[in-house]
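Inspection log for the structure reproduced underneath, given as structure tokens.
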């Protein structure tokens, strides 16, 4: 009886471990670069961020845009809380070929950024991180 309970407990932990391991996303085989193309106007509120993935593998890789983590730092390197609004519509980003670009569609949250100031936008997805510098315009 004791052996049966022990085996059942071990099997339960093993199955739970496999389930957890399957939910952990695999690292992306790519390099990430970020660039803010154009102005960040506080009037228009658009952040023209372009993310470029330079793929290290010919195989197709996928993730959803909800995996992006975006932070804005001021010129002192301190985080500006709630500076950007991130789209809530989920979509799949597919990495294939030599390079893939994506435009996350970020907007500026009212009153969080100051005109004429320099900021750093840090974006990460899974195991990749990139940074872009930008200056706000009125």
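The values are calculated or read from the model by the stated rules, or taken from the named source; none is laboratory data. Model, not experiment: these values are computed from the prediction. Quick reminder, even Gly has a Cβ in these numbers, built from the backbone with ideal geometry, and neighbours come from all protein chains shown.
Can you name the residue in the range 68-89 that is more than 16 Å from residue 119 (Cα to Cα) and at pLDDT 95 or above and is also surrounded by the most Cβ atoms within 10 Å (Cβ to Cβ) among such residues? Ranking the candidates gives 68 first. Scanning the range 40-57 for residues that are loosely packed, with under 15 Cβ neighbours inside 10 Å, assigned to a loop (DSSP other than H, G, I, E, B) and in contact (Cβ under 8 Å) with a residue 24 or more places away in the chain returns 43, 56, 57.
Would you confirm whether any residue within the range 107-116 is under 16 Å from residue 29 (Cβ atoms) and in contact with a strand residue (DSSP E or B) (Cβ under 7 Å, 6 or more places away or on another chain)? Give the derivation first.
Residues of the range 107-116 under 16 Å from residue 29 (Cβ atoms): none.
No, the conditions are met nowhere in the range 107-116.
Each residue in the range 106-138 was checked for being in a strand (DSSP E or B) and within 13 Å of residue 46 (Cα to Cα), and 7 of them qualify.
Note on the range 90-105: residues that are in a loop (DSSP other than H, G, I, E, B) and loosely packed, with under 13 Cβ neighbours inside 10 Å amount to 5. Among the conditions (1) within 24 Å of residue 136 (Cβ to Cβ); (2) within 13 Å of the chain's Cα centre (by Cα), residue 118 misses just one, which is (2). Can you list residue pairs whose Cβ atoms sit under 9 Å apart, with the first residue in the range 113-138 being at positive phi and touching a residue at least 60 places away in the same chain (Cβ under 8 Å) and the second being buried (at least 16 other Cβ atoms within 10 Å of the Cβ) and part of a strand (DSSP E or B)? Count only pairs 6 or more apart in sequence or on different chains. From residues that are at positive phi and touching a residue at least 60 places away in the same chain (Cβ under 8 Å), the pairs are 126/63.
Would you confirm, using the coordinates I've provided, whether residue 129 is under 16 Å from the mean Cα position of the chain (by Cα) and exposed (fewer than 13 other Cβ atoms within 10 Å of the Cβ)? The answer is yes for residue 129.
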